[in-house]
Amino acid sequence: MTLTWIFIRPIVLAVLVVATQSSSPVVPDEKGRWGYPRTSSLEPVEHVLMGHRFRIPKAYLYLKKQWAPRIPEPGNPLLMEGSLPGIAPYSKETAPLHKDYRSGYRQIVHFSLRGIKYGIGLDEEYFEPRYLEECRGKRLDFRVCRATFNDDEILVQIDGEKKIAFKCSKDGTVPSPHCEGWFPLIDNVAFEIRFSKPHLGRAGLIIAGVYEVICGFHVPDANIPLTYNYCEKKVYHGTESKD
């Protein structure tokens, strides 16, 4: 009996695996970088972050497991991608950009939405006067500051209520140097943006584009009072390119 089980068990498992894969086939042209499944479906999936509802089209979501409704814990991100220009969702037209590890990769904007318990989502320490006093030089409209523990640059811009701080990797980083930063959305929800460093001159347009996309996902609820709402305030919207 034991020998019979040894030979049968792999066959049974193989049948189960094939049956599972056949029930939800992944078309070859719907695989993104590293072979992760992607879909061009615009069917919205409802996720609840800190009590706030977001209806996100599957084509924006990077992980297949997030194509089903979830209630993520604070800090657990909903990972999304869109391509330039316009933060376009994954589609058959944009698929080549998602598969290209060189030039195509640089056209992809990554953004993640997550719940937070404290603050509004900004890296406040970068806007403190004592930190800004140590910044040297300018790049475009940003002050150039040194990171504390590595060779990254911290690029800071303050224009009234609009505060931007990007952590940018050094030139020559593989596959492409990038910049990333945090932005406030609504109470207890913030998001992070990451894009290729050569697009720094278009940072304002990228930020505004991601706000438009994410704010379009949010489902307002009159029963949930908000102390701040950057979708309505539009502090970061409509910024011009500095190319």
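Each other residue within a Cβ distance under 11 Å of Glu153 adds +1 if Lys or Arg and -1 if Asp or Glu, for a net charge of +4.
Between Arg70 and Lys170, the C-beta separation translates, for a Förster distance of 45 Å, into a calculated FRET efficiency of about 0.80. In this simple spin-label approximation, Tyr105 and Lys234 carry label points 7 Å from Cα along the Cα→Cβ vector, and these lie 3.7 nm apart. Normalised by 2.2 N^0.38 Å, where N counts its residues, the alpha-carbon radius of gyration of the range 28-233 equals 1.04.
Relative to the current alpha-carbon distance between Glu133 and Glu46, full extension at 0.36 nm per residue lengthens the span by 26.9 nm. Put a dot 7 Å past the Cα of Leu122, heading toward its Cβ, do the same for Phe149, and the two dots end up 2.4 nm apart.
Extension gain, Glu212-Tyr36: 0.36 nm per intervening residue step, less the Cα-Cα distance, totals 60.7 nm.
Just so you know, all these numbers are worked out from the coordinates, no wet-lab data involved. Since the model is a prediction, treat every value here as computed from it, not as a measurement. Glycine gets a Cβ as well: all are built from the backbone with ideal geometry, and neighbour counts include every protein chain shown.
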